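Each value in this text was obtained by applying a stated rule to the coordinates, not by laboratory testing. Because the structure is a prediction, the values reported are computed rather than measured. Positions of Cβ are generated from backbone atoms using ideal geometry, with glycine treated the same way; all protein chains shown enter the neighbour counts.
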């Protein structure tokens, strides 16, 4: 069956877009103006009947499938029992079980505790709260090209101005930015890049005033930047030596996305705190902070929480999603996606930039440091019915986040469309 029945967007999506303009704030953007009717593994089916190959997974959320059978079954069972009590009022087992799974899966064999929230930004905010409370220090160190959310504090932590920060200040104080490892651009070894970052922290912030260092083990919105080997271990060692809390923002990298449960695992880095969201619950809003028991228990009773944090339906979804990851060995699936896609994308790019990433978190950075080429390539993919996303501080990076359960034939077709778009887009 032909995947595309109409041009993209089709007439029904265009009708809904007109309705949207009269009802939804113009400040809320969309990558592709098609309205989705339902989804299948690796496919989004729009209201015009077009079947779009999904290489975005709702920004790394629906890795286990959309809908995933075990997630859907767990949600139905829970919603028939009760939808909400607020864990801070009357607790329930699902919240505890999700925390147990997080404590077990996140890096390190030390004693851990977890707390659940609604979104990645909320998780990052609470990790900073924990670090500040436990250390008695205030300064938070983040990195060039980092992205951590859209709340006031996490906008301060985020590097990219447009569209995330422009016009929204003033932002939260005591946030300091230092250079990250960016092998394509800085040419430094991991150890050299870490020494540069540490020198900046010690001279400009002061180790004794630094509560935490917050870092994405692979930077997401900033360009899927994989640090040079040795950067993260050296940074972690400095944090241990100086009593600084290392917070790994694994919101986009977590839950099998990079071919391991967490990206920190690839170099044996054990963070003090780990923030999670996105892929944790198969599409339902859930986030967590997991870390050393002494840190997580240092906060006074009532200091962490929220009305909807760890909602029972979202917790049920998370348990179904994690079971799916284990049963289907989605870490191995992510590695197979990389093995298939990365060589083809490198051949198509022909050295006019870089293909990088781990597992099913792959990116193409074009040599031209403007959005022009990436935009052309993305538009060509969208017109052909393939959902891809762009990113990068310069807007010149195309990112791939396919569902970890995507069928081989759909992955091959989607990558073939992308190969052609890269070849044509770079040649112009």
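Kindly give Rg over Rh for the stretch 245-317, based on alpha-carbon atoms, with the Kirkwood expression for the hydrodynamic radius. Could you put the intermediate results ahead of the total?
Working: Rg = 13.2 Å, Rh = 13.3 Å.
Answer for the stretch 245-317: 0.99.
Hey, can you rank 313-326, 211-224, 341-354 by average C-beta count inside 10 Å, highest first? Walk me through the intermediate numbers first.
Values: 313-326: 24.2, 211-224: 26.2, 341-354: 17.1.
Highest-to-lowest ranking by the protection proxy: 211-224, 313-326, 341-354.
Using only helices, what value at 222 nm comes out for the chain when you add -39,500 (n - 2.57) per DSSP H run of length 4 or more and divide by the total residues, to the nearest 500 deg cm²/dmol? Working shown, then result.
Values: 14 runs with 168 residues, N = 428.
Computed mean residue ellipticity for the chain: -12000 deg cm²/dmol.
In the chain, what % of DSSP beta bridges are antiparallel (nearest 5)?
So the antiparallel bridges amount to about 65 percent of the total.
Order 373-384, 179-190 from most to least packed using the mean count of other Cβ atoms within 10 Å.
373-384, 179-190
Compute the distance from the alpha-carbon center of the stretch 244-310 to that of the stretch 46-97, in whole Å.
19
For the stretch 333-428, report the translational diffusion coefficient in µm²/s to the nearest whole number, using Stokes-Einstein at 4 °C, 1.567 mPa s, and a Kirkwood Rh over Cα pairs. It would help to have the intermediate numbers written out before the result.
Details: Rh = 13.0 Å.
Taking Rh from Cα pairs, D becomes 100 µm²/s.
Consider all pairwise Cα distances in the stretch 86-240 and report the whole-number % of them above 19 Å.
Values: 7146 of 11935 pairs.
Roughly 60 percent, rounded to a whole number.
Please give the length that would be gained between residue 164 and residue 420 if that part of the chain were fully extended, namely 0.36 nm times their separation in residues minus their C-alpha to C-alpha distance (nm, one decimal). Kindly include the intermediate steps, with their values, before the conclusion.
Details: separation 256, 0.36 × 256 = 92.16 nm, distance 3.14 nm.
Roughly 89.0 nm would be gained on extension.
Using the Cα atoms of the stretch 156-214 to build a convex hull, what is its mean projected area in square nanometres?
On the way: hull surface 20.0 nm².
So the mean shadow area of the Cα hull is 5.0 nm².
If you average 1/r over all unlike Cα pairs in the stretch 214-370 and invert the result, what Kirkwood radius do you get in angstrom?
Over the stretch 214-370, the inverse of the mean reciprocal pair distance is 17.3 Å.
Quick one: length gained pulling residue 300 to residue 347 fully straight, 0.36 nm per residue minus the C-alpha distance? Could you put the intermediate results ahead of the total?
Numbers: separation 47, 0.36 × 47 = 16.92 nm, distance 5.50 nm.
Length difference between fully extended and current span is 11.4 nm.
Where in the stretch 239-268 does the label zone of residue 204 land, with the point 7 angstrom along Cα→C-beta and an amide N cut-off under 18 Å?
From the stretch 239-268, the list is 239.
If you take the beta carbon distance between residue 82 and residue 138 as r and set R0 to 56 Å, what does 1/(1 + (r/R0)^6) give as a FRET efficiency, to the nearest 0.05? Mind dumping the intermediate values first?
Details: r = 40 Å, r/R0 = 0.72.
That pair, residue 82 with residue 138, gives E of 0.90.
Working out 0.36 nm times the residue gap between residue 38 and residue 7, then minus their Cα-Cα distance, what length gain in nm do you get to one decimal? Walk me through the intermediate numbers first.
Details: separation 31, 0.36 × 31 = 11.16 nm, distance 1.84 nm.
So the extension gain works out to 9.3 nm.
Sort out for me the Cα centre separation of the stretch 317-334 from the stretch 113-146, rounded to whole Å.
27
For 25, 119, what ranking results if the residue with the fewest other Cβ atoms within 10 Å of its Cβ goes first?
Details: 25 7, 119 20.
Final ranking by Cβ density, sparse to dense: 25, 119.
Out of every Cα-Cα pair in the chain, what percent are more than 36 Å apart? It would help to have the intermediate numbers written out before the result.
Working: 22040 of 91378 pairs.
Pairs farther apart than 36 Å: 24 percent.
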